[in-house]
Amino acid sequence: MLIEIKRLLIESDGYNRSVSLQRMYVNSNSIVSISDYSGASNFLLRENSGLAKESFSLIKLNEGGHTQEIIAFGSADQLYTAIGSKTDGRRLLND
């Protein structure tokens, strides 16, 4: 099942950096782990971003032969609860 997350997107073109949140849809079956990530807040404080006081998590996704890490908006508990509420109900045995 696809779930919506808000990914922290940092774009750099030389001396200028822009920080934004990008909507992304992820297959909940490919999530390996979710953990709180305080490194994002430290970086955002140095960049004087308004998002510095928010909480972020590190999501690890299985992509076949390797894993991808995504910094997502929200604490690990918030994301876990949101994922759990979306996957309730009937499921196939192999799903």
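Sub-7 Å Cβ pairs linking a first residue in segment 4-15 that is at positive phi to a second residue that is exposed (fewer than 10 other Cβ atoms within 10 Å of the Cβ) and modelled with pLDDT under 90, at least 6 apart or interchain, number zero. With the checklist (1) over 18 Å from A76 (Cβ atoms); (2) in contact with a helix residue (DSSP H, G or I) (Cβ under 7 Å, 6 or more places away or on another chain); (3) modelled with pLDDT of 90 or more in hand, flag the one item L45 doesn't pass. Among (1) over 18 Å from A76 (Cβ atoms); (2) in contact with a helix residue (DSSP H, G or I) (Cβ under 7 Å, 6 or more places away or on another chain); (3) modelled with pLDDT of 90 or more, the lone unmet condition for L45 is (3).
Of the residues that sit in segment 69-95 and are at pLDDT 80 or above and β-branched (V, I, T), which one is nearest to G39 (Cα to Cα)? Residue satisfying both the conditions and the ranking: I71.
Among the candidates S35, S57, the residue that is part of a strand (DSSP E or B), touching a helix residue (DSSP H, G or I) at 6+ places or on another chain (Cβ under 6 Å) and surrounded by fewer than 15 Cβ atoms within 10 Å (Cβ to Cβ) is uniquely S35.
From the list S12, S18, pick out the single residue that is exposed (fewer than 10 other Cβ atoms within 10 Å of the Cβ), touching a strand residue (DSSP E or B) at 6+ places or on another chain (Cβ under 9 Å), part of a strand (DSSP E or B) and at pLDDT below 90. Matching residue, one of S12, S18: S12. Candidates in segment 60-82 are the residues that are touching a residue at least 60 places away in the same chain (Cβ under 8 Å) and in a helix (DSSP H, G or I); of these, the one that is surrounded by the most Cβ atoms within 10 Å (Cβ to Cβ) is L79.
The values are calculated or read from the model by the stated rules, or taken from the named source; none is laboratory data. The structure presented is a predicted model; accordingly, all values stated were derived computationally and were not measured. Glycine also receives a Cβ, built like all others from the backbone with ideal geometry; neighbour counts cover every protein chain displayed.
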